[in-house]
Amino acid sequence: MTHFLDIHTTDQDDLRQIIDNAHAMKTARAGRPKGTPDDDQPLAGHIVALIFEKPSTRTRVSFDVGVRQLGGQTMVLSGSDMQLGHGETIADTARVLSRYVDLIMIRTFEEATLLEMAEHATVPVINGLTNRTHPCQIMADVMTFEEHRGPIKGKKVVWSGDGNNVFASFAHAAKQFEFDLVFTGPEPLDPERALDGLYTTERDPHKAVEGADLVVTDTWVSMHDPQSARERRHNQLRGYQVNSDLMSKAKEDSLFMHCLPAHRDDEATSEIMDGPHSVIFDEAENRLHAQKAVMRWCLGV
Ligand code: CP
Ligand code: NVA
């Protein structure tokens, strides 16, 4: 079974093939209305379940539109409306869904839920974000960087802020796509120890971004974080805001990314988000193209 669970557990050559295929599919349908199907219909006759246990705008819409462009059908399910949210085991849910659908995408809390789904499903499972990782996002981010600046290999990427789930997938990607990743943030919000060795740390954000080809940030409070931590996190992270002063220390042609949703003027100023370095809406668009390539890879079509 070809699941897409994480970037570090996916073969390096397969990751490259997915990115290249995403670029090719994007180019092939450029300028068409979004509802127009792709010329080839590799998902014809296939149905995909999209399960959400957390809110989503980009992941929900990009997967749904992507499946339709590939000629397949979708079913969007909210975790709380399923028996999954009322005591049915993940294993049984996986076994049952596998009898109805050809592919499962799940956004959930605990990574264990995703892994249990993958273990018991007899169809491919895609990670649509867990508390620990967000691999589909980083596939779109690598695609976006390369679209603007060419190969990401050997480039300097700086993450400023919380060492969260999106950072973790960047760390996995740094190894697989061979770029240098620097984390800058306060010690209490350091990335988890399992990522040691995949990145370097520089506490001073101004030093960290020197020579950066790409500066990235994300929300200071993730969906799985307790809202009670909000004020403390804001105090810890204020100095790591991506603003014009910080961005001016990076390379002149550096890019700025944010997976969105953003809290404007917290983790990044609107000036940066809407400014010349920013490629945030290309990133959002490329979720569509990258995930179409991921789904094709999972299904071998
Ligand atoms: N970036 C991202 O995954 O956005 P959504 O939470 O809107 O899906
Ligand atoms: N780190 C954020 C990413 C949202 C796409 C979260 O998990 O809420």
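The values are calculated or read from the model by the stated rules, or taken from the named source; none is laboratory data. These numbers come from a predicted model, not from an experiment. Here Cβ is always computed from backbone atoms with ideal geometry, including for glycine, and neighbour counts include all displayed protein chains.
With respect to the numbered conditions (1) within 15 Å of ligand 2 (Cβ to nearest atom); (2) part of a helix (DSSP H, G or I), which one is the sole condition not fulfilled by L246?
Looking at each condition in turn, L246 falls short on (1).
If you go through the range 13-65 one residue at a time, how many are of a type outside the set (V, I, T), part of a loop (DSSP other than H, G, I, E, B), over 18 Å from V123 (Cβ atoms) and more than 16 Å from ligand 1 (Cβ to nearest atom)?
Taking the range 13-65 as the starting set, the residues that turn out to be of a type outside the set (V, I, T) are 13-17, 20-26, 28-35, 37-46, 49-50, 52-56, 58, 60, 62-64.
Next, only the ones that are part of a loop (DSSP other than H, G, I, E, B) stay: 29-35, 37-46, 53-56.
Right, trim to over 18 Å from V123 (Cβ atoms) and you get 29-35, 37-41, 53-56.
Then drop every residue that is not more than 16 Å from ligand 1 (Cβ to nearest atom), which leaves 29-35, 37-41.
Counting residues in the range 13-65 that are of a type outside the set (V, I, T), part of a loop (DSSP other than H, G, I, E, B), over 18 Å from V123 (Cβ atoms) and more than 16 Å from ligand 1 (Cβ to nearest atom) gives 12.
Hey, can you tell me all the residues within the range 142-170 that are touching a strand residue (DSSP E or B) at 6+ places or on another chain (Cβ under 7 Å) and either among the acidic types (D, E) or under 17 Å from G128 (Cα atoms) (or both)?
Those that are touching a strand residue (DSSP E or B) at 6+ places or on another chain (Cβ under 7 Å) and either among the acidic types (D, E) or under 17 Å from G128 (Cα atoms) (or both): F167, F170.
Return the pair list, or none, for Cβ contacts closer than 7 Å from residues in the range 196-221 that are among the aromatic types (F, W, Y) to residues that are assigned to a helix (DSSP H, G or I), at least 6 apart or on different chains.
From residues that are among the aromatic types (F, W, Y), the pairs are Y199/A171; Y199/A174; W220/R233; W220/H234; W220/L237.
For the range 82-179, which fully contained helices (runs of 4 or more DSSP H) count at least 2 residues that are without any contact (Cβ under 8 Å) to a residue 60 or more places away in the chain and under 27 Å from P261 (Cα atoms)? Even if it seems obvious, please write down each step before you answer.
Numbers: elements: 90-100, 111-120, 135-149, 165-177.
Hits in the range 82-179: 111-120, 165-177.
Report, by residue number, each residue of the range 207-226 that is away from ligand 2 (no atom under 12 Å from the Cβ) and not β-branched (V, I, T). Working first, answer last.
First, the residues of the range 207-226 that are away from ligand 2 (no atom under 12 Å from the Cβ): 207-215, 226.
K207, A208, E210, G211, A212, D213, L214, P226, listed by residue number.
Would you say I19 is at pLDDT 95 or above and touching a Ser or Thr at 6+ places or on another chain (Cβ under 8 Å)?
On the way: at pLDDT 95 or above: yes; touching a Ser or Thr at 6+ places or on another chain (Cβ under 8 Å): no.
No, not satisfied.
Which residues, counting only those in the range 213-236, are over 19 Å from F170 (Cα atoms) and either surrounded by 17 or more Cβ atoms within 10 Å (Cβ to Cβ) or among the aromatic types (F, W, Y) (or both)? First the steps, then the outcome.
Here is the first cut: in the range 213-236, the residues over 19 Å from F170 (Cα atoms) are 225-236.
Correct list: R233, Q236.
May I ask you to list the residues in the range 200-243 that are within 30 Å of R107 (Cβ to Cβ), charged (D, E, K, R) and in a helix (DSSP H, G or I)?
If the condition is that a residue be within 30 Å of R107 (Cβ to Cβ), charged (D, E, K, R) and in a helix (DSSP H, G or I), then R230, E231, R232, R233, R238 are the ones that fit.
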